[in-house]
Amino acid sequence: KNFRDVYGEVDVLLREKYKGRIGSGIFNDIKRLWATEPLGYVVGHTSFCGAKIDLSEKTIVPRPETEWWVLKAVSEISQDKKHGFRCLDMFAGSGCVGIAILKFFDDAQVDFVDIDDKAIRQIEKNLKINGFTADRARIVKSDIFENINDQYNYILANPPYVPESIKNRVFTSSLKYEPHIGLFGGRDGCGPLFLFLKKAREHLNAGGKMWIEFVEILSYQRETIEAFLLEAGYGNFIFENDESGRLRYL
């Protein structure tokens with residue numbers, strides 16, 4: 001990190017964690033920032049679609065780019081005008097995606113699925129912090145669809161998609177601090193995505209929709225994914241770019 005980056009993060013740290021007053025721990029926290037630890041971990045939480053997301057279990061830090069496509073999904077769901085719908089947040093991590101759905105739709109029910117025990121604990125904390133109870137949210141520990149038997153109107157997924165073959169090109173802060181189970185998707189980055197897509201249609205109601213985050217890191221990945229989708233019988237899909245023009249979701 002350069003001085004400008006850390007200076008901006010210290011400003012957030014001072015406001016969010018120390019309420020504008022210099023406390024005894026702030027200098028140690030500044031050292032953590034200089035050591036490239038993610039700001040969300042140092043502060044202890046971050047904001048996502050207006051919800052407070054606790055990060056005490058050190059799950060993947062929610063990215064602004066993820067927030068961008070989730071808000072796109074929220075807009076499309078709003079246009080569908082479904083009421084009392086069911087939604088699945090797969091590879092839920094901190095639970096930020098599903099919590100955004102609960103926040104924007106008062107009658108939505110969301111199932112949160114992850115295989116990592118830290119993620120399960122983190123989702124429990126974030127549901128409690130944001131005031132969502134068991135009648136609207138269910139947490140399932142599952143290896144993708146292994147323990148899922150239900151169907152959903154909407155499925156939102158943010159699988160691990162970084163190829164292990166380019167591990168040396170991953171940002172130092174992510175590689176050092178964030179859980180690798182939430183980052184790496186096998187040698188070509190497509191492993192968890194393909195396992196998900198093999199079963200996903202079985203769990204989608206007629207007229208349902210899915211949004212899947214996937215960043216094209218290697219030039220051939222889009223072609224590989226498109227070929228897999230066609231072979232698996234998916235006929236209605238589009239790739240979408242984010243605000244900077246980079247492939248962001250499917």
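The values are calculated or read from the model by the stated rules, or taken from the named source; none is laboratory data. Because the structure is a prediction, the values reported are computed rather than measured. Note: accessible area is taken over every heavy atom of the protein model, side chains too, but ligands, DNA and RNA are not part of it. Shrake-Rupley method; radii C 1.70, N 1.55, O 1.52, S 1.80 Å.
The table below gives the values:
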{"item": "Estimated [θ] at 222 nm from DSSP helical runs (n ≥ 4, -39500 (n - 2.57)) normalised by residues in the chain, nearest 500", "result": "-11000 deg cm²/dmol"}
{"item": "Evaluated over segment 51-107, the Cα radius of gyration and Dmax, each in Å", "result": "11.9, 36"}
{"item": "Most fluctuating residue given options LYS141, LYS176, LYS19, as computed from a GNM of the chain linking Cα atoms under 10 Å", "result": "LYS19"}
{"item": "Carbon + sulfur, % of accessible area of segment 1-126 - ligands and nucleic acids excluded, 1.4 Å", "result": "52"}
{"item": "Tensor-based shape of segment 1-67 (alpha-carbon gyration tensor, a/c under 1.5 rounded, otherwise prolate or oblate)", "result": "prolate"}
{"item": "Per residue accessible area of the chain, 1.4 Å probe, in Å²", "result": "51"}
{"item": "Segment 167-250 - percent of accessible surface contributed by carbon and sulfur, probe 1.4 Å", "result": "50"}
